[in-house]
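Notes to accompany the following structure.
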Amino acid sequence: MQSAGKGQRGPIDHERREQILDAANEHFRHYGYKKTTVADLAKAIGLSTAYIYKFFDSKRAIGEEICRQCHERVMADVKDAMGSGKPASERLRLIFLTLARDGIDLLFNDRKMHDIVLAALEEGWSTAADFDAELLSHVRSVIADGRDAGEFERKTPLEEACRGVVLALQPVRHPVLLEFNHNTLIEDASLLAGLVLRSLSV
């Protein structure tokens, strides 16, 4: 049977584990991650706090799993943009717009989850690093496709270009920055994408 990830214990398909995550989702969204305790989650599903620790070694481990699920939903949208069949330049533009739209959706429609993503960045959770690594991989794939198709220049080392694009994505995907600029975020994403694409063009 498959094991759980870092900070998590026991089989990942265990019914109790899913109950804990369901309770965490509800409490984190209602009360916020920082105000929720492991004891709160245990009480909500009629378990002892000690029993919770059979599946997660800390509240942070629970938070990381909830955050990972959120990141997976965002990354699924990015993958949809990647699989659009459009030219590399348009796919790269869609990555900017997709991240901006998903960020705005979290901010206004799921604020407590937005705060969990912020906690992941502030506290250096592995989920944040994993998301960054996957995003870099997708950007690398698009830029490589663009170079092969003659859309993008080849003088800049590939990794340098990819990391530069990921840095340019910061204003539309970092919780604090997108919150500060939420009124113009979609427009900003389009402007940044245009600037990046001009810098990559042949």
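The values are calculated or read from the model by the stated rules, or taken from the named source; none is laboratory data. Just so it is clear, the model here is predicted, and its values are computed rather than measured. No Cβ is skipped: glycine too gets one built from the backbone with ideal geometry, and neighbour counts run over all protein chains shown. Quick note on the areas: whole protein, heavy atoms, side chains included, nothing else; ligands and nucleic acids left out. Shrake-Rupley method; radii C 1.70, N 1.55, O 1.52, S 1.80 Å.
Below are the figures for this structure:
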{"item": "Selected residue (only one of L135, L106 is closer than 18 Å to I95 by Cα and either touching a His at 6+ places or on another chain (Cβ under 7 Å) or of a type in the set (F, W, Y) (or both))", "result": "L106"}
{"item": "Cβ pairs under 8 Å, 6+ apart, first in the range 62-83 and within 19 Å of F28 (Cα to Cα), second open to solvent by 60 Å² or more (accessible area, probe 1.4 Å) and assigned to a helix (DSSP H, G or I)", "result": "R68/D130; H71/D130"}
{"item": "Meets criteria (at pLDDT 90 or above, of a type in the set (A, V, I, L, M) and within 18 Å of T127 (Cα to Cα)) for A44", "result": "no"}
{"item": "Of all residues making up the range 160-183, the number that are open to solvent by 60 Å² or more (accessible area, probe 1.4 Å) and over 18 Å from the mean Cα position of the chain (by Cα)", "result": "3"}
{"item": "Segments classed as helices (runs of 4 or more DSSP H), wholly inside the range 66-159, with at least 3 members that are of a type in the set (A, V, I, L, M) and either open to solvent by 30 Å² or more (accessible area, probe 1.4 Å) or modelled with pLDDT of 95 or more (or both)", "result": "88-109, 126-148"}
{"item": "Some residue of the range 30-50 being assigned to a helix (DSSP H, G or I) and within 30 Å of G150 (Cβ to Cβ)", "result": "no"}
{"item": "Positions within the range 51-65 being of a type outside the set (K, R) and outside any helix (DSSP H, G or I), in sequence order", "result": "Y53, F55, F56, D57, S58"}
